[in-house]
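S.K.: Questions regarding the structure given below will be posed in turn.
The values are calculated or read from the model by the stated rules, or taken from the named source; none is laboratory data. Predicted model only: the values in this text are computed from it and were never measured. FYI the Cβ positions are ideal-geometry reconstructions off the backbone, even for glycines, and counts take in every protein chain you see. Side chains are part of the model used for accessible areas, which takes the heavy atoms of the whole protein and leaves out ligands, DNA and RNA. Shrake-Rupley method; radii C 1.70, N 1.55, O 1.52, S 1.80 Å.
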Amino acid sequence: MITIAALSGGGGAAGYYLQKEAGCEHEHQQPDRDGVGYYVNGHDAPGQWLGRGATALGLTGALTAEQGGPVLRELLEGRFVGEQLTRPVWRYPDSPGGSRVDQRRSGFDATFSAPKSVSVLMALGSPEVQQQVRAAHRAAVGDAVGLLEQLAARAARGHQGDGQRAPRIATSGLIAAAFEHSTSRASDPQLHTHVVIANLTHGVDGRWSALDSRTLHREATTASYLYQHRLRAELTARLGVGWTGVEKGVAEIAGIPLQVRRLFSTRRIQIEQHLATHQPDSPKSRGRARTIAAKAACLITRPAKQHLALTSLRDRWVGQATESGFGPEALEKLLAQRHEPAAVDTAGLVRDVLSGEGVTRETATFTQGTVLRELCSRLPAGAQVSTAQLLTLASNLVASADVVPVINEQGRAYTTVDMILVEQHALTLAGRTDSVLAVTDRGRAAAAIARSSLRPDQQRVAFALLTASRPVEVVTGPAGSGKTAALKVATEQWQQHGLPVAGTAVAALTAQG
């Protein structure tokens, strides 16, 4: 998976720039004085410059604390070789006497994390297996960053806000540095890479400015799906591993038991236990509320970062796995059962993507990013389909006769011919006048509504629903205006008259309500 956290902006020490506001997922320690110690710590592989924007500045190859650290700090401050490329964005305090604060975002940390079974493979495998796992991970990260650059390396120009969307322009690309780590904060095997993206880009109009962060966050999910797909393809080609089913873009290596994956998921278990104790499962604790609670739990339960030698950690991991019944010998047997990459039925794949269970499963419109995510999820796990082939397939798919271009609030989008036919059919049904539907006795309806505790405006809504004869009635109103209460009274009356009532909505909880 991939998560993106904004790095705080402003003047002063680089450590301030690297403090995390939303970095719970990334398991960061507090930054050291020079600000890049977490990334360039001497315990993992050297960093690597990434992105066309970095290449344009002559930044390529390895990045070490001595050689690349000062350059990275400078870029996060919006400078390069002493020249200030972007200006601070000052925010003044509400109370008098306070110091002004630069609220510019200095950059973004895009963290690519391998599935736990892949980290277990790295932890228990031979040196050759470890090398292949790391190489597969790096190749997948490179592909995903390339896609993110292609989709999101944009700059905004002009006014943004108040219902207006500033035009986006092309740039020279992302200026980024990748830092690969092998362990979690709890010293479990956790292969992941932090890609630190400077909030700095050179537009084709010659101006330096910040990145279009909205597009960056929006396209992160697509890059995550591509990373997972390419990681599966690389590992299947290199080591012949098989995979479980793909769920939300992620699959696990087939044959690595769940209990072993849980054994090395200490941080996840700590967070789950905290949530179970302090955030009991209920409709109010799901969705966004639960996400916020999980971030808080991650901070509360976070232990101090340990710096242990990988050789010592590997001995410990092997001992733990062996005690659980899945040691290096079991892993060798698993790897001996080589799986060949499955063939791809392109015609069937396209048909599934454009079906009602594909890109229009939850929304009537979709973007090319949606198509890419659906393709990555529906490809046979481990299939040898390159990023270029995926992009070509997605482009051909949206250009096909079964797809219709439309415009939404984000700009260019698409829908399917089948979806348009469904909407036309719904409009035809809504305009029918040959049937009287869901009409109840007016007197009984009025009496029931009068006995209810509805307000006058809610009573009018309920009465209109119970006595109208049109196939479709539309009720609109802001949140908390009492729409559900009025529908409840109408539902009770319909049911008493023997009329079946069904609730449907995108969210199951809304349908139940």
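S.K.: Do we have any residue at all in the range 438-449 that's free of Cβ contacts under 8 Å to residues at least 12 places away in the same chain and either among the hydrophobic types (A, V, I, L, M, F, W, C) or touching a Phe, Trp or Tyr at 6+ places or on another chain (Cβ under 8 Å) (or both)?
M.R.: Going through the range 438-449, the residues free of Cβ contacts under 8 Å to residues at least 12 places away in the same chain turn out to be 443, 447.
If we keep only those that are either among the hydrophobic types (A, V, I, L, M, F, W, C) or touching a Phe, Trp or Tyr at 6+ places or on another chain (Cβ under 8 Å) (or both) too, we end up with 447.
Checking the range 438-449: at least one residue is free of Cβ contacts under 8 Å to residues at least 12 places away in the same chain and either among the hydrophobic types (A, V, I, L, M, F, W, C) or touching a Phe, Trp or Tyr at 6+ places or on another chain (Cβ under 8 Å) (or both).
S.K.: If you go through the range 354-396, how many residues are in a loop (DSSP other than H, G, I, E, B), out of contact with any strand residue (DSSP E or B) (no Cβ under 7 Å at 6 or more places or on another chain) and among the polar types (S, T, N, Q)?
M.R.: Of the residues in that region, 4 qualify.
S.K.: If you don't mind, another one. Here's a check for you: in the range 430-441, which residue that is among the hydrophobic types (A, V, I, L, M, F, W, C) and open to solvent by less than 70 Å² (accessible area, probe 1.4 Å) is modelled with the lowest pLDDT? Please lay out each step first, then the result.
M.R.: Kept after step one, since they are among the hydrophobic types (A, V, I, L, M, F, W, C), are these residues of the range 430-441: 430, 436-439.
Subset that is open to solvent by less than 70 Å² (accessible area, probe 1.4 Å): 430, 438-439.
Details: ALA430: 85, ALA438: 76, VAL439: 82.
That would be ALA438.
S.K.: Keeping to the range 457-497, report how many residues are open to solvent by 90 Å² or more (accessible area, probe 1.4 Å) and in a helix (DSSP H, G or I).
M.R.: The total comes to 4.
S.K.: For the range 319-361, give me each residue that is open to solvent by 100 Å² or more (accessible area, probe 1.4 Å) and among the polar types (S, T, N, Q).
M.R.: Across the range 319-361, the qualifying residue is only GLN337.
S.K.: State all residues of the range 127-149 that are among the polar types (S, T, N, Q) and without any contact (Cβ under 8 Å) to a residue 24 or more places away in the chain; if no residue qualifies, say none.
M.R.: Of everything in the range 127-149, those that are among the polar types (S, T, N, Q) and without any contact (Cβ under 8 Å) to a residue 24 or more places away in the chain turn out to be GLN130, GLN131.
S.K.: Can you run down the residue pairs with Cβ atoms below 9 Å, 6 or more apart or on separate chains, where the first is in the range 69-84 and open to solvent by 60 Å² or more (accessible area, probe 1.4 Å) and the partner is outside any loop (DSSP other than H, G, I, E, B) and acidic (Asp, Glu)?
M.R.: Close Cβ pairs (under 9 Å, with a partner that is outside any loop (DSSP other than H, G, I, E, B) and acidic (Asp, Glu)) amount to VAL81/GLU74.
S.K.: Here is a further query. Could you please let me know if ALA155 is over 20 Å from the mean Cα position of the chain (by Cα), open to solvent by 40 Å² or more (accessible area, probe 1.4 Å) and either under 21 Å from VAL196 (Cβ atoms) or at pLDDT 90 or above (or both)?
M.R.: Judged against the criteria, ALA155 is not a match.
S.K.: Being in a loop (DSSP other than H, G, I, E, B) and within 40 Å of the chain's Cα centre (by Cα) is the filter here; which residues of the range 498-511 pass it?
M.R.: Selection gives PRO500, VAL501, ALA502, GLY503, THR504, ALA505, VAL506, ALA507.
S.K.: If you don't mind, another one. Looking at the range 498-513 only, could you name the residues that are β-branched (Val, Ile, Thr) and open to solvent by 80 Å² or more (accessible area, probe 1.4 Å)?
M.R.: THR504, VAL506, THR510
S.K.: While we're looking at this one, here's another question. Any idea how many residues of the range 105-131 are within 15 Å of the chain's Cα centre (by Cα), crowded, with 24+ Cβ neighbours inside 10 Å and not in a strand (DSSP E or B)?
M.R.: 1
S.K.: Scan the range 191-208 and give yes if some residue there is under 17 Å from ALA135 (Cα atoms), open to solvent by less than 10 Å² (accessible area, probe 1.4 Å), in contact (Cβ under 8 Å) with a residue 40 or more places away in the chain and in contact with a Lys or Arg (Cβ under 8 Å, 6 or more places away or on another chain), otherwise no.
M.R.: Yes, the conditions are met somewhere in the range 191-208.
S.K.: Looking at LEU372, LEU393 in this structure, which one is open to solvent by less than 40 Å² (accessible area, probe 1.4 Å) and closer than 23 Å to GLY242 by Cα?
M.R.: Answer to the check: LEU372.
S.K.: Suppose the filter is open to solvent by 40 Å² or more (accessible area, probe 1.4 Å), more than 30 Å from LEU239 (Cβ to Cβ), among the basic types (Lys, Arg) and at pLDDT below 90; does ARG444 pass it?
M.R.: In short, yes.
S.K.: Hey, any hits in the range 219-230 for a residue that's among the polar types (S, T, N, Q), open to solvent by less than 10 Å² (accessible area, probe 1.4 Å) and at pLDDT below 95?
M.R.: No: zero hits.
S.K.: Related question: Which condition number in (1) within 15 Å of the chain's Cα centre (by Cα); (2) more than 30 Å from GLY158 (Cβ to Cβ); (3) in contact (Cβ under 8 Å) with a residue 60 or more places away in the chain; (4) surrounded by fewer than 19 Cβ atoms within 10 Å (Cβ to Cβ) is the one that GLY245 fails?
M.R.: Every listed condition holds for GLY245 apart from (1).
S.K.: Would you check which residues across the range 320-353 are of a type in the set (Val, Ile, Thr) and outside any helix (DSSP H, G or I) and list them?
M.R.: Matches in the range 320-353: VAL344 only.
S.K.: For the range 228-241, does any single residue satisfy the condition of being closer than 24 Å to LEU63 by Cβ and hydrophobic (A, V, I, L, M, F, W, C)?
M.R.: Within the range 228-241 (the criterion being closer than 24 Å to LEU63 by Cβ and hydrophobic (A, V, I, L, M, F, W, C)), the answer is yes, since at least one residue qualifies.
S.K.: Any residue in the range 376-392 that's among the polar types (S, T, N, Q): show its pairings with residues that are open to solvent by 20 Å² or more (accessible area, probe 1.4 Å) and assigned to a helix (DSSP H, G or I) at Cβ separation under 8 Å, as long as the two are six or more apart or on different chains.
M.R.: Note: pairs meeting the criteria are SER377/TYR225; GLN384/ALA237; THR387/ASP143; THR387/GLY146; THR387/ARG230.
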